[in-house]
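The values are calculated or read from the model by the stated rules, or taken from the named source; none is laboratory data. Here the structure is a predicted model, which means the values were calculated and not measured. For neighbour counting, all protein chains shown are included, and Cβ atoms are generated from backbone atoms with ideal geometry for every residue, glycine included.
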Amino acid sequence: MNSLIAMIVTTIFYVTTGWYLTYLFPISHKIERLGLSFLVGVGLSTFLWFVGYLLGLPFNLYTLALVGGIEISVGYYFTRKARLIPTEPIKLTSNKISLIMIILIVSILLISFLIGSHNALTAWDSIALYDFRGHTIAINHDLRDITSSSYYVSYPLMVSLIHATVYMLNGLSAQGIHSVILMAFTAIIYGRMRDWTNHTLALSTCLLVITQNQIFYHSTFAYTNLPYLAFLVSGILYVVSAKINKYYFLPLAGLMIGLSTWVRSTETFWVIGLILILWQGWNTKHKLLAIFSALMVIALRMTWISYFNHILVSINYSYDETIRSFGFKNIQRIITNWREIYWYMRLNVFSPYSGIWFLLVPISLTWIVKRNTKLLLLFSSIVLSASMLIVGIAVFSTFYNTWNEIGDSARRMILFINPLSLITTMYAVYLISQKDKHE
């Protein structure tokens, strides 16, 4: 019961801290605003909590409340100055099919929460890294026990600080909060698809995403892949949503993509978001806002990277000189090992998501017919992500002899392709049903 109360209080707190800030952006659906408020609140609050720690403040509930109060005050002040966009009320539809889908979505999300809350933490990195850091931060109110090894600072602190919040509130397990992240992400999917398509297709997309085996599975244990997916894909959806009259989606996209690097900093998929932001800035004729949004991504990422490098220097950690440069010998090694690289990618990247990759064919055909900008950007983000993964694996294989023993890591790294592909496919289905080409 303590864990349930702690997680409810944690969720309400982070939703509240992000609530007014979401009014700075053109969100028109209250369900989406609830989900976005939680993700913005949890991402920005933990990040500013960390910044406060760098300035000399301890990690405790008082400093977290201070950070939350600042966010609420800033959001409230600017929303009073800005012209607010009206939010549609939450209402159930009388359509029986839609009502059944709503019941299924709510039931599946609750089941995810119950499984995650009931089960003990078992995955190794959950126990030894993310949750361990959460416990030590809650006990010590600082980072003294996690700065003596490069392993403990190998990932940013967002997930651990969420766990620490639950433990400071006397919760016994914080694992259920990952189901809340899936709920928030589902709400954002609904809002974006409701804007792009219609109520029924929006619900169908949500149902498809949360019933995808890997996504549901990751919502029941405490890894960083689901939070990373939620921020990165949300950022891509918002940058794709930017128009000339809705250009404030650009800084929201910058914030979400930047916060994805506050979850996992080693992946380079944030570069795709950066490219899309700059392209949309040019397309919507708001270049300066796009540059500001891109700088936001870089600033959020570099804050952690700078601290990480500082810790490595303090513990006299030395990089292997062989991974500092990439040259002709690496290219030769890739050519020599191309069969092994091919089979690794086939077994760990293409086969596990074969159905998802197959969807790219009808998506590309739909774009050829409809010439829709949103569809092109969504399709491009998928193709660019796959290309970056392939190149990354090929390069990685030249540095480490044991590179082919971490297949599960590659499958988890590309997890965000699942919802992105399903969302793109459902949008393509909507376009096919329409007579005009749309925007």
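Looking at the range 211-223, is at least one residue of a type outside the set (Phe, Trp, Tyr), crowded, with 24+ Cβ neighbours inside 10 Å, on the phi < 0 side of the Ramachandran plot and not in a helix (DSSP H, G or I)? Checking the range 211-223: at least one residue is of a type outside the set (Phe, Trp, Tyr), crowded, with 24+ Cβ neighbours inside 10 Å, on the phi < 0 side of the Ramachandran plot and not in a helix (DSSP H, G or I). Looking across the range 255-281, the residues that are of a type outside the set (A, V, I, L, M) and over 17 Å from Ile305 (Cβ atoms) come down to Trp279, Gln280, Gly281. Please verify whether the range 266-273 includes one or more residues that are assigned to a helix (DSSP H, G or I), surrounded by fewer than 18 Cβ atoms within 10 Å (Cβ to Cβ), in contact (Cβ under 8 Å) with a residue 12 or more places away in the chain and more than 15 Å from the chain's Cα centre (by Cα). Scanning the range 266-273, I find no residue that is assigned to a helix (DSSP H, G or I), surrounded by fewer than 18 Cβ atoms within 10 Å (Cβ to Cβ), in contact (Cβ under 8 Å) with a residue 12 or more places away in the chain and more than 15 Å from the chain's Cα centre (by Cα), so the answer is no. Conditions: (1) within 28 Å of Thr147 (Cα to Cα); (2) part of a helix (DSSP H, G or I). Val263 meets all but one. Number of the miss? For Val263, the failing item is (2).
Do we have Tyr77 as modelled with pLDDT under 95 and over 16 Å from Ile181 (Cβ atoms) here? The answer is yes for Tyr77.
Contact annotation: residue pairs with Cβ atoms under 9 Å, 6 or more positions apart or on different chains, pairing a residue in the range 352-373 that is more than 18 Å from Tyr430 (Cβ to Cβ) with a partner that is charged (D, E, K, R) and in a helix (DSSP H, G or I), are Pro352/Arg411; Tyr353/Arg411. So, of the residues in the range 90-143 that are surrounded by fewer than 14 Cβ atoms within 10 Å (Cβ to Cβ) and among the hydroxyl-bearing types (Ser, Thr, Tyr), which turns out to be farthest from Leu201 (Cα to Cα)? Looking at residues that are surrounded by fewer than 14 Cβ atoms within 10 Å (Cβ to Cβ) and among the hydroxyl-bearing types (Ser, Thr, Tyr), I get Thr122. Of the numbered criteria (1) crowded, with 19+ Cβ neighbours inside 10 Å; (2) at pLDDT 80 or above; (3) within 20 Å of Arg333 (Cβ to Cβ), the one Val391 fails is (1).
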